[in-house]
Amino acid sequence: MQTRDDIFNTLRDALVELFELDPERVKLESNLYQDLEIDSIDAVDLIDHIKRQTGKKIAAEEFKTVRTVSDVVEAVYRLVQPAA
């Protein structure tokens, strides 16, 4: 089972790799659009990357509500948790 810390570390690495961001800029409170300058096409790439990593796809509707790195971590955490 992945912890939120594991998810954050994987996500940070992905953001650095995919979008050539400085790892120091990627914090839980970082706003994807304002702080990290992720646009809608980048967001699609990120969703695709998450799908490849987890084998599960985040619904586009759910991804529309994310604003911060922490929001993405929570969305992935919910995605990878086994159904109760």
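Each value in this text was obtained by applying a stated rule to the coordinates, not by laboratory testing. Please read these numbers as outputs of a predicted model, since none were measured by experiment. Note that we place each Cβ from the backbone using ideal geometry, even for glycine, and neighbour counts take in every protein chain shown.
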What do you get for trypsin sites (Lys or Arg not before Pro) in region 1-60 restricted to DSSP loop and a cutoff of at most 16 other Cβ within 10 Å of the site's Cβ? 27, 56, 57
Any chance you could run the full-extension gain for residue 28 through residue 45? It's 0.36 nm times the residue separation minus the Cα-Cα distance, nm to one decimal. 4.2 nm
Helix-only estimate, please: 222 nm mean residue ellipticity of the chain, summing -39500 (n - 2.57) across DSSP H runs of length 4 or more and dividing by its residues, to the nearest 500. -17500 deg cm²/dmol
DSSP loop GluC sites (Glu not before Pro) in the chain with at most 14 other Cβ atoms within 10 Å of their Cβ, which ones? 20, 29, 37
Just to verify a number: FRET efficiency for residue 18 and residue 56, C-beta to C-beta distance, R0 = 25 Å, to 0.05? 0.85
What number do you get for region 1-75 when its Cα radius of gyration is normalised by 2.2 N^0.38 Å, N = residues? 0.98
Report the one residue of 65, 14, 38 whose Cα lies farthest in the direction of the positive end of the charge dipole of region 4-80 (charges on C-beta: Lys and Arg +1, Asp and Glu -1; origin at the Cα centre). 65
Report, in debye and to the nearest 20, how large the dipole of the chain comes out about its Cα centre when Lys and Arg carry +1 and Asp and Glu carry -1 on their Cβ. 480 debye
Amide H contacts of residue 68 (H built 1.01 Å from N, under 5 Å, at least 5 apart or other chain): 32
From phi via Karplus (6.51, -1.76, 1.60), per-residue ³J(HN,Hα) for region 14-20 in Hz, x at Gly/Pro: 5, 5, 5, 5, 6, 10, 6
For region 1-64, which chymotrypsin sites (Phe, Trp or Tyr not before Pro) are in a loop by DSSP, counting at most 15 other Cβ atoms within 10 Å? 33
